[in-house]
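Below is one structure, written out as structure tokens, with a few remarks after it.
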Amino acid sequence: MFDNICKFLVENFSSDFATWLLGESINLTELSPKELSLEPIRADALILLQSEQSILHLEFQTQVDPEIPFRMIDYRLRAYRRFPDKAMHQVVIYLKQTNSNLVQQNTFTIAGTRHEFAVIRLWEQPTEVFLRTPGLLPLAVLSSTINPEVILNEVAREINSITESRTQSNIAASTAILAGLVLDKEVIKRVLRSDIMRESAIYQDILQEGKAEGKAEGKAEGKAEGKAEGKAEALLEVARNLFSTGMPLEQISRVTGLSIEQLQSLQVSESRESNQ
């Protein structure tokens, strides 16, 4: 879910990410993982952008993964085989704070081989970096701050100043969903205007991801009922995330295909769990 939001932001605001991560605003285009002969399952979490001189490889993580160092060297070698003359900048970006030492790892090392890559822990990054450009605004609330609600209010003001309606709605929706990693959904609903998010294309992206997850889970079960259960659970997860944006139940129903009764029941269940 959160990986999908980040991928959407990178692909639609690549120059903002290039300025942040590469130090210069350069035109980047999407590089298909197929060009590096990457397997589909592993390519799902991969974000590759390229210019004439370089490749930017990004991985967004909400949880630690001990396989990250190996993936970094694997991708680097595949890119070198395909584009030997291009520099490659690899960055792992951790979204949610954790005490695990795995978020400190920035090398892959075996006997005779050492590969380095960059690691960014968002909760250690200065907030002002993410307030300079629209594409980075949704990350601001995850940055170094003792009061993420104050930052969310500041981001909301910046969003309201965006004049292009589609950009405004997409940034607002992305902010609402990522803010769910650190803030209560009622706070998010109070701060962000739900009306400017309703036309956001990112909701359709979330829905498609939910459907894909459902299909994958169903396939793993190897039975038709497993597929149906997987898809249903994925759609419920989509609905849970949309609750935090303040989107009306009727709109969520249209996006997910769930009935109003199902959504109301899910809200009650979520409320009970949060009060326990």
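Can you pull the percent of the stretch 47-163's accessible area that's carbon plus sulfur, 1.4 Å probe, other chains left in place?
45
I want the antiparallel fraction of DSSP beta bridges within the stretch 64-152, as a percent rounded to 5.
On the way: 4 of 9 bridges.
Once the DSSP bridges in the stretch 64-152 are tallied, antiparallel ones form about 45 percent.
Relative contact order of the stretch 63-175: what whole-number percent is it, with Cα pairs under 8 angstrom and at least 6 residues apart?
On the way: 125 pairs, mean separation 21.5, N = 113.
Over the stretch 63-175, the number comes to 19 percent.
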**Message:** Of ASN147, ILE171, VAL182, which is farthest towards the positive pole of the stretch 141-189's charge dipole, taken about the Cα centre with +1 and -1 on the beta-carbons of Lys, Arg and Asp, Glu respectively?
**Reply:** ILE171
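Counting heavy atoms of the protein chains only and a 1.4 Å probe, report the per residue accessible area for the stretch 1-146 as a whole number of Å².
Working: 7320 Å² over 146 residues.
Per residue, the stretch 1-146 has 50 Å² of solvent-accessible surface.
Can you tell me the FRET efficiency between GLN267 and SER15 if r is taken as the Cβ-Cβ distance and R0 is 30 Å, rounded to the nearest 0.05?
On the way: r = 39 Å, r/R0 = 1.30.
The formula returns an efficiency of 0.15 here.
Which FRET efficiency value, to the nearest 0.05, do you get for ARG82 and SER144 by plugging their Cβ-Cβ distance into 1/(1 + (r/R0)^6) with R0 = 41 Å? It would help to have the intermediate numbers written out before the result.
Values: r = 37 Å, r/R0 = 0.90.
The formula returns an efficiency of 0.65 here.
Sort the following peptides by mean Cβ neighbour count (other Cβ atoms within 10 Å, averaged over residues), highest first: 183-192, 98-107, 169-178. Walk me through the numbers before you get to the answer.
Values: 183-192: 17.9, 98-107: 13.5, 169-178: 26.6.
Answer by packing, highest mean first, reads 169-178, 183-192, 98-107.
The values are calculated or read from the model by the stated rules, or taken from the named source; none is laboratory data. These figures come from a predicted structure and were not determined experimentally. Don't worry about glycine lacking a Cβ; one is built from the backbone with ideal geometry, like all the others, and counts go over all protein chains shown. Side chains are part of the model used for accessible areas, which takes the heavy atoms of the whole protein and leaves out ligands, DNA and RNA. Shrake-Rupley method; radii C 1.70, N 1.55, O 1.52, S 1.80 Å.
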